[in-house]
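Step one of this worksheet: look at the structure below.
The values are calculated or read from the model by the stated rules, or taken from the named source; none is laboratory data. All of these numbers come straight from a predicted model, not from anything done at the bench. Note: ideal-geometry Cβ built from the backbone for every residue, glycine included; neighbour counts use all protein chains shown. Side chains are part of the model used for accessible areas, which takes the heavy atoms of the whole protein and leaves out ligands, DNA and RNA. Shrake-Rupley method; radii C 1.70, N 1.55, O 1.52, S 1.80 Å.
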Amino acid sequence: MTTATPAKARTLTMAQAISEATAQEMERDPRVFVMGEDVGKYGGIFSATTGLLDKFGPDRVMDTPISETGFMGAALGAAAEGLRPISELMFVDFFGVCFDQIYNHIAKNHYMSGGACKYPLVITTGIGGGYNDAAQHSQCLYSIFAHVPGLKVVVPSNAYDAKGLMTTAIRDDNPVVFLYHKGIMGLSWMSYFEGSTNEVPEEPYALPFGEARVVREGSDVTIVTLSQMVQKSLVAAEELAAEGISAEIVDLRTLVPLDRATVLKSVAKTGRLLVADEDYLSYGLSGEIAALVAEHLDTVRLKAPVRRLAVPDVPIPFSRPLEQFAIPQVDNLVASVRGLMNAKVY
Amino acid sequence: MDATAGQLLWMYEKMIEIREYEETMARVYLEGKLPPKIQKGLAFDIGAGPVPGEMHLAAGQEPVAVGVCAHLRQDDTVVGAHRPHHFAIAKGVDLDAMTAEMFGKDTGLGRGKGGHMHLFDPAVKFSCGGIVGAGAPQACGAALAAKKLGRDSVAVAFFGEGAANQGAFHEALNLAALWKLPVVFVVEDNKYGISVEKSASTAIASNADRAAGYGMPGVLVERNDALAVFKAAGMAVARARRGEGPTLIEVKTDRYFGHFQGDPETYRPKGEAKELRQHDPIPALGTLVRDLGLLDASSDASLRERLAARVQAAYDFGRNSPYPRPEDALLHVFAE
Ligand SMILES: Cc1ncc(C[n+]2csc(CCOP(=O)(O)OP(=O)(O)O)c2C)c(N)n1
Ligand SMILES: [Mg+2]
């Protein structure tokens, strides 16, 4: 099959990319099914399941009651029987009502069975703030899932990655938590970073877990980041370039497995590290990356101390000025990098 | 238990105030959220305008709030959910401070930290939150405290029919009955949990039937009518105050707006909301109070005018209040 002129590139929003990956895997594998709140007629509150009900019907696209413990536990049970459920937790913030099923069972049963039982399931969930949804609907919390052994954790920053990573998530024989930031889904009712809507091939493809991507090469400083913060970092890097500062941006893409080598290689090259994270500052991702570099100071030479930019250990406040203060913005990224350029190691 | 003239008038007045509040919010909420002033390509921007974020309005559900709160005292506790304005107003939450909170202002109940789903007014023992089902056990705690402290106050948890499928609901019912707590659980059955109809989420038709499984009375109020709610709630609150334990009430009510403002409502038959408005409970109660001679046409009109002005004043207060300083985001994580 050849085409004389290449087709015009097709762009998708991240929401469309996720539902396309899901649809293609459902076509390929009859064991895959979707359940969650408002995933059917509504198509998912964040449009991650749009179109699936029409294609596959209510037996494979199931609206659930507001019973997260019930349907997360059911996902485990169905996966144990050989089905491959995709179970949507509308907002990650709601994990509080069903975390026992996730961290004590879904995450650990394979291990506790000595490898005898498998749980091939995907938990999809919306994360992030920036649109004034306050403390119970704006968190990221991916570090909590990554902290518990037994869960793979995927946090895409754009449509192309989201499709390939979602395909891999569905094909994986392990439980995978797939966290999509609402502010890069390309929704028609929430402002978003347009860099997240990009070219996505129609045919199915899988992107490997554990491979970070250098989304922008640079020589002065490494920004290690993920999710919507990748898009913010790209904007910040342009501003910094105008000042003559060359920033390299590493998009982690998956937290478990974590691509340590790419982080270390980049930091070794630039000698400066900023970790930019929309999760809480303490005891989380930014500390993990900082520790990784600290553990390799025998091979990595730093020109400046490691800096972290994250939510300063406060719940996400509602009011616009408060929320903008609490969640790192492009300006904060620029200022942090400038500060790093002036800092020296002892 | 029949409502006194004072109670009837109070319920009528509060329902008008709530409706005025919600209809005003529906307009104010849209300010700044529509093209062309938002990101190109968007139809609506949830984070824009003077009142950003999610907005769940309760127009149509006024009878539930007033019928129950007519029996409550200031020292009784109310725990609401994500659709909280009608309960807050009926419980006597400070209207100015509540409105300022939704504008994200420093004069708000939570100094801009909470927003419309997270309103806390300890002066009248009101709180609410955005996690479905979470309020029921919290009301049990307030009731437990009343019991331990030797008070005759009661606690009421209000939530939707969707919330009655949460584990927290079922655990709360058992606790309340087991410990004979002075608590009343009030389920608002507005037929939907976002897009999912009750018949697609709940295995039985009436949540009131579930009460028997926990050893407490269950009452179904089949009409969206303030007096019917008043009667059922009167018995439940009195029972709780006498120390005889909890009651579960389910009220069939109507949601006039979408689940949240901006909801495309494609899951709902076209014209359904309009049809529901044909059975508006406010004019119905208005007819009753006028027939009883409690109000004539001109005092009705001046009452409405006064309430509209009261609500407008709250919106003006919210709009014109100052924002908190950005760095105030760091305050209030811990008590000093
Ligand atoms: C634990 C939890 N799950 C899901 C949601 C998302 N959510 C918010 S409101 C809602 C529907 C609630 O329905 P119902 O209890 O009937 O209340 P109504 O909105 O009809 O007033 C859902 C699913 C949530 N806030 N919390
Ligand atoms: Mg409902």
### Task
Take the alpha-carbon positions of segment B:7-115, form their convex hull, and give its projected area averaged over all directions (one quarter of the hull surface) in nm².
7.3
### Query
Say each of B:Asn320 and B:Glu305 gets a label point 7 Å from the Cα, pointing the same way as Cα to Cβ; how far apart are those two points in nm?
2.1
#### Entry: Simple Cβ-charge dipole of chain B, Lys/Arg +1 and Asp/Glu -1, about Cα centre, in debye nearest 20
400
### Query
Counting each DSSP H run of 4 or more residues in chain B as -39500 (n - 2.57), what helix-only mean residue ellipticity at 222 nm follows after dividing by all residues, to the nearest 500 deg cm²/dmol?
-12500 deg cm²/dmol
### Query
Using a Förster distance of 45 Å, how high is the FRET efficiency between B:Ala212 and A:Glu199, based on the Cβ-Cβ distance and rounded to 0.05?
0.15
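Quote the convex hull volume per residue of segment A:278-346, based on C-alpha atoms, as a whole number of Å³.
92
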### Query
Across 5 Å bins from 0, what is the distribution of all Cα-Cα pair distances for segment A:131-277, in whole percents?
2, 10, 17, 21, 20, 16, 10, 3, 1, 0
### Task
Keeping the other protein chains in place, figure out the carbon and sulfur percent of the accessible area of segment B:5-321, with a 1.4 Å probe.
56
### Query
Toward the positive end of the charge dipole of the protein assembly as shown, about the Cα centre and with charges on Cβ (Lys, Arg +1; Asp, Glu -1), which of B:Leu331, B:Ser302, B:Asn174 goes farthest?
B:Leu331
### Query
In 20 Å bins starting at 0, how do the alpha-carbon pair distances of the protein assembly as shown split up by percent?
18, 48, 28, 6, 0
### Task
Calculate, axis by axis, the spread of Cα positions in chain A along the three principal axes, and write the results as whole Å, longest axis first.
61, 55, 42
### Task
Output ³J(HN,Hα) for segment A:44-52: one whole-Hz value per residue in order, computed from phi by the Karplus curve 6.51 cos²θ - 1.76 cosθ + 1.60 with θ = phi - 60°, and x for Gly and Pro.
x, 4, 10, 6, 6, 10, 4, x, 6
### Message
Roughly how large is the B-A contact in terms of buried accessible area, totalled over both chains, probe 1.4 Å, nearest 100 Å²?
### Response
3500
### Query
Sorted by accessible area (1.4 Å probe), largest first, how do B:Ile249, B:Ile204 line up?
B:Ile204, B:Ile249
### Message
Compute, for the protein assembly as shown, the length of the dipole vector about the Cα centre, with Cβ point charges of +1 (Lys, Arg) and -1 (Asp, Glu) only. Units Debye, rounded to 20.
### Response
680
### Task
Treat each spin label as a single point 7 Å out from the Cα along the C-beta direction, and report the B:Glu23 to B:Ala123 distance in nm.
2.8
#### Entry: Accessible solvent surface per residue of segment A:9-201, calculated while the other protein chains remain in place, 1.4 angstrom probe, Å²
32
### Task
Give me the Kirkwood hydrodynamic radius of segment A:213-342, using the inverse of the mean 1/r over all pairs of distinct Cα atoms, in Å to one decimal.
14.6
### Summary
In the structure shown, of A:Lys265/A:Lys303; A:Lys182/B:Lys33; A:Lys232/B:Lys113; B:Lys148/B:Lys180; B:Lys191/B:Lys270; B:Lys125/B:Lys198, the pairs separated by more than 19 angstrom at the C-alpha atoms are A:Lys232/B:Lys113; B:Lys125/B:Lys198
### Task
Treating the angle as unsigned and between 0 and 90°, give the value, to the nearest 10°, between the Cα long axis of helix A:228-242 and the longest Cα principal axis of chain A.
30
### In degrees, nearest ten, helix A:260-270 long axis to first principal axis of chain A (Cα)
20
### Spin-label proximity, B:Ala43 to segment A:189-203 - amide N less than 17 Å from point 7 Å beyond Cα toward beta carbon
A:189-192
### Estimated D of segment B:5-321 in µm² per second, where Rh is the Kirkwood radius over Cα pairs and Stokes-Einstein applies at 4 °C, 1.567 mPa s
65
### Task
Figure the gain on full extension for A:Asp54 and A:Met112 (residue separation times 0.36 nm, minus the Cα-Cα span) and round it to one decimal in nm.
17.0 nm
#### Entry: Carbon and sulfur %, accessible surface of segment A:9-201 computed with the full protein complex present, 1.4 Å
54
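Averaging the inverse of every distinct alpha carbon separation and then flipping it gives the Kirkwood radius. What is it for segment A:132-183, in angstrom units?
Working: mean 1/r = 0.0823 Å⁻¹.
Every distinct Cα pair counted, the radius reaches 12.2 Å.
Output the direction-averaged projected area (hull surface divided by four) of the convex hull of the alpha-carbon atoms of segment B:260-336, in nm².
Taking the Cα atoms of segment B:260-336, their convex hull projects to 10.7 nm² on average.
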### Relative contact order of chain A, pairs being alpha-carbon contacts under 8 Å that are 6 or more residues apart, as %
16
### Query
Which helices of chain B meet both criteria: a Cα extent of 24 Å or more along the helical axis and a mean Kyte-Doolittle score no lower than -0.5, with helices taken as whole DSSP H segments?
B:5-30
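Run the accessible area of segment A:213-342 with a 1.4 Å probe and give the carbon-and-sulfur part as a rounded percent.
Of the solvent-accessible surface of segment A:213-342, carbon and sulfur hold 51 percent.
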### Query
Kirkwood Rh over Cα pairs of segment A:9-201 into Stokes-Einstein at 4 °C, 1.567 mPa s: D in µm²/s?
79
### Message
Are there any residues in segment A:171-191 with a reduction of at least 30 Å² in accessible surface when going from the isolated chain to the assembly of protein chains? Probe 1.4 Å, please list them by number.
### Response
A:Ser188, A:Trp189, A:Ser191
### Query
Angle, helix A:68-80 long axis vs. longest principal axis of chain A, Cα atoms, 0 to 90°, nearest 10?
80
### Query
Tell me, how many Å apart are the Cα centres for segment A:231-294 and for segment A:157-208?
20
### Summary
Nearest-0.05 FRET efficiency for A:Glu27 and B:Glu244 at R0 = 56 Å, using Cβ-Cβ distance, is 0.45
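Please find the FRET efficiency linking B:Ser199 to A:Ser188, where r is the Cβ-Cβ separation and R0 is fixed at 35 Å, and quote it to the nearest 0.05.
Given R0 = 35 Å and the Cβ-Cβ separation, E is 0.75.
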### Message
Using a probe radius of 1.4 Å on heavy atoms only, what accessible surface per residue do you get for segment B:49-195? Whole Å² is fine.
### Response
26
